[in-house]
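Presented below is the structure to which this report refers.
The values are calculated or read from the model by the stated rules, or taken from the named source; none is laboratory data. This structure is a prediction, so every number in the text was calculated from the model and none was measured. Neighbour counts run over all protein chains shown; Cβ positions are idealised from the backbone, glycine included.
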Amino acid sequence: GQQVMQIPQYQHVQEGEDFTTYCNSSTTLSNIQWYKQRPGGHPVFLIQLVKSGEVKKQKRLTFQFGEAKKNSSLHITATQTTDVGTYFCAGPGGTGYALNFGKGTSLLVTP
Amino acid sequence: EAQVTQNPRYLITVTGKKLTVTCSQNMNHEYMSWYRQDPGLGLRQIYYSMNVEVTDKGDVPEGYKVSRKEKRNFPLILESPSPNQTSLYFCASSSLQVNTEAFFGQGTRLTVV
């Protein structure tokens, strides 16, 4: 499958600061998905990006898909303690249905 | 409510004692898979199934078996567990339409001593 690299591995911010996690692939991705896993929880789907250069927003979260469809980012504006968790990007796996997950970025938000 | 149900949530077992982790989904999804999650390694796929009686290896299949006798169920079997299989396991399901989201179970925390 197409491997995706995700950085940073950890990020610690003060509440109110912004946060960004990046996902990169050496090959073109047909789509990319983002998931959030709260501490002690399971991954939950956030969004999927399909089009080159696509930008989608969910309240304070902004998701981007690069023009070459090889990279993606998730930006959170003015973090809150409820944003704590691990954010994963996932590209298509070998079958096209499987997901190849990045290793995730763990976000800690201090009040 | 659409959901993926795993059992048990927590399990401590001894090396070599066969165990099964069950997974059931109520969304009529064709595609089901098992992942293990380890610190620093993210989510790695163990096995997947594209439909009843159709299963295949993922990235880390050694030491695991699966079966798909019914569409809703996809159990993970550890015939002879070893300590290196201590991990957090997730079952997931999705529709076979490409580009659809995966629904994850609550997870099973397995410790093999």
- Message: Only one of A:Q2, A:Q6 is modelled with pLDDT under 95, of a type outside the set (S, T, Y) and either closer than 22 Å to B:D59 by Cα or in a loop (DSSP other than H, G, I, E, B) (or both). Can you tell me which?
- Response: A:Q2
- Query: Could you give every pair whose Cβ atoms fall below 9 Å, whose first residue belongs to region B:47-59 and is at the interface with chain A (Cβ under 8 Å from one of its Cβ atoms) and touching a residue at least 40 places away in the same chain (Cβ under 8 Å), and whose second residue is part of a strand (DSSP E or B) and aliphatic (A, V, I, L, M), counting only separations of at least 6 or pairs across chains?
  - Reply: B:M50/B:M32
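Quick one: is A:P8 touching a residue at least 60 places away in the same chain (Cβ under 8 Å) and on the phi < 0 side of the Ramachandran plot? Write out each step before concluding.
Details: touching a residue at least 60 places away in the same chain (Cβ under 8 Å): yes; on the phi < 0 side of the Ramachandran plot: yes.
Yes; evaluated as a whole, the condition is true for this residue.
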- Okay, strands (runs of 3 or more DSSP E) sitting entirely in region B:1-104 with 1 or more residues that are more than 28 Å from A:G91 (Cβ to Cβ) and out of contact with any helix residue (DSSP H, G or I) (no Cβ under 9 Å at 6 or more places or on another chain), I get B:4-7, B:10-13, B:19-25, B:76-78
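Which one is surrounded by the most Cβ atoms within 10 Å (Cβ to Cβ), of the residues in region A:73-111 that are closer than 21 Å to A:L49 by Cβ and away from every other protein chain (no Cβ under 14 Å)? Spell out how you get there, then give the answer.
Pass one, region A:73-111, residues closer than 21 Å to A:L49 by Cβ: A:73-77, A:83, A:85-105, A:107.
Then drop every residue that is not away from every other protein chain (no Cβ under 14 Å), which leaves A:73-77, A:83, A:107.
Numbers: A:S73: 17, A:L74: 24, A:H75: 15, A:I76: 22, A:T77: 14, A:D83: 19, A:L107: 21.
Checking each candidate, the answer is A:L74.
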- Residues being surrounded by 20 or more Cβ atoms within 10 Å (Cβ to Cβ) and of a type in the set (K, R): count how many of those fall in region A:37-70. 1
- Keeping to region B:75-113, report how many residues are more than 9 Å from chain A (Cβ to nearest Cβ), touching a Pro at 6+ places or on another chain (Cβ under 7 Å) and under 20 Å from B:A2 (Cα atoms). 1
- Could you grab me the full set of residues in region B:95-106 that are surrounded by fewer than 22 Cβ atoms within 10 Å (Cβ to Cβ) and either over 10 Å from A:H42 (Cα atoms) or among the acidic types (D, E) (or both)? B:S95, B:L96, B:Q97, B:V98, B:N99, B:T100, B:E101
